[in-house]
Amino acid sequence: MIDHGNIVILTGAGISQESGLATFRDADGIWAKVRIEDVATPEAYARDPDRVHRFYNARRRPLAERDVAPNVAHLALARLEADWPGEVLIVTQNIDDLHERAGSRNLLHMHGEMLKVRCGDCGDVVEWLADLGRDDQCASCGTTGRMRPHVVWFGEMPFGMERIEMALAGCRLFISIGTSGNVYPAAGFVQMVRELERAHTLELNLEPSEGATLFAETRYGPATELVPAFVDQLFTEGLSN
Ligand code: BV8
């Protein structure tokens, strides 16, 4: 009898790397070119909104113009969700839309979404594909100059934490894909699952993450090789006990 228990999958920038999107902490990564404190905190936005808008406008354009596409790792996870009898939830740290474009539906962007903006005054969230600037006006409340990317900056509360913690408590398999395990609370999910002692934990990454020793099983290589192979294995063998 194959065990088709619930699966929670945490993804990070590494799953989108082979689609052509830069990661954060690799040698050529985003944080090698710009400081978190200058572009990814509420203080940075208050201090120099134009600089923050330039940083996100440059990252939004390739997604808005569809210059990048989901890769076979994104597609394998969408197939897993569609065909797996148990629930499959993807919790992504990524703010790109490649999981959606691959077909994933049961998906939670805990760090927000690049293709949405939020009004700092009324909180209205809208789809936004163009550059954003301080002259842009909120269509809901009319305020100008308070529109910001709908992403979670350092020091801000990630989205969906209650739903994530419920899913982690109820899963039989936790898989972490393409994340360096540097950013909390995401990097702490594997520890939460381990402490419950009812799920297998697996890291699929190019190299060991900061939390590698916390996983029951680790496999290293490119996501486009590891993820489709693991999804195939799940359908033939079910969850390992
Ligand atoms: C918060 C959105 C309170 C914007 C991002 C302890 C507990 C709680 C908080 C903290 C804590 N300690 C410190 C903190 C504060 C802070 C934090 O973690 N700081 C770190 C730097 C020490 N955390 C916060 O501020 C968070 N908020 O804590 O609120 C709270 C506390 C508890 C519970 C609730 C609330 C908010 C963090 C979110 C910040 N926003 N991004 C944007 O994208 O511009 S974080 C940013 O880092 C991205 O979201 C990114 O996804 C994320 C993680 O990076 P990774 O995805 O892992 O990418 P990285 O480059 O690091 O790694 C890529 C990996 O892929 C590598 O391992 C590489 O080997 C691998 N790879 C590369 N290529 C491939 C590959 N793997 C496979 N195949 C390949 N081809």
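The values are calculated or read from the model by the stated rules, or taken from the named source; none is laboratory data. For clarity, every value in this text was computed on a predicted model and none was experimentally measured. Note that each Cβ is placed from the backbone with ideal geometry, even for glycine, and that neighbours are counted across all protein chains shown. Ligands, DNA and RNA are excluded from the accessible area calculation, which covers all protein heavy atoms including side chains. Shrake-Rupley method; radii C 1.70, N 1.55, O 1.52, S 1.80 Å.
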remark   = Here the qualifying pairs (Cβ atoms under 8 Å; residues six or more apart or on different chains; first in segment 215-227 and under 20 Å from residue 78 (Cβ atoms); second open to solvent by less than 40 Å² (accessible area, probe 1.4 Å) and in a loop (DSSP other than H, G, I, E, B)) come out as 223/71; 223/178; 224/71
message = Here is a check on your reading of the model: is residue 186 modelled with pLDDT of 95 or more, buried (at least 19 other Cβ atoms within 10 Å of the Cβ) and more than 10 Å from the ligand (Cβ to nearest atom)?
response = no
query = In segment 34-74, what residues are under 25 Å from residue 100 (Cβ atoms) and hydroxyl-bearing (Ser, Thr, Tyr)?
reply = 56
ask   = Can we say residue 202 is touching an Asp or Glu at 6+ places or on another chain (Cβ under 6 Å), closer than 20 Å to residue 84 by Cα and crowded, with 17+ Cβ neighbours inside 10 Å?
value = yes
key: Residues that are more than 7 Å from the ligand (Cβ to nearest atom) and more than 12 Å from the chain's Cα centre (by Cα), drawn from segment 166-183   = 166, 167, 168, 169, 170, 171, 172, 173, 174, 175
note = Every listed condition ((1) under 18 Å from the mean Cα position of the chain (by Cα); (2) among the charged types (D, E, K, R); (3) surrounded by fewer than 20 Cβ atoms within 10 Å (Cβ to Cβ)) holds for residue 194 save (1)
ask   = List pairs: first in segment 196-214 and small (Gly, Ala, Ser), second open to solvent by 40 Å² or more (accessible area, probe 1.4 Å) and more than 9 Å from the ligand (Cβ to nearest atom), Cβ under 7 Å, 6+ apart or cross-chain?
value = 199/172; 212/218
Qualifying residues in segment 17-62 (those that are among the aliphatic types (A, V, I, L, M) and assigned to a loop (DSSP other than H, G, I, E, B)) - the one least open to solvent (accessible area, probe 1.4 Å) = 40
query = Is it the case that segment 133-149 has a residue that's charged (D, E, K, R), within 13 Å of the ligand (Cβ to nearest atom), open to solvent by 70 Å² or more (accessible area, probe 1.4 Å) and touching a residue at least 24 places away in the same chain (Cβ under 8 Å)?
reply = no
inquiry  = Quick check on this structure: which one of 230, 235 is open to solvent by less than 60 Å² (accessible area, probe 1.4 Å), part of a helix (DSSP H, G or I), in contact with an Asp or Glu (Cβ under 9 Å, 6 or more places away or on another chain) and more than 8 Å from the ligand (Cβ to nearest atom)?
reply    = 235
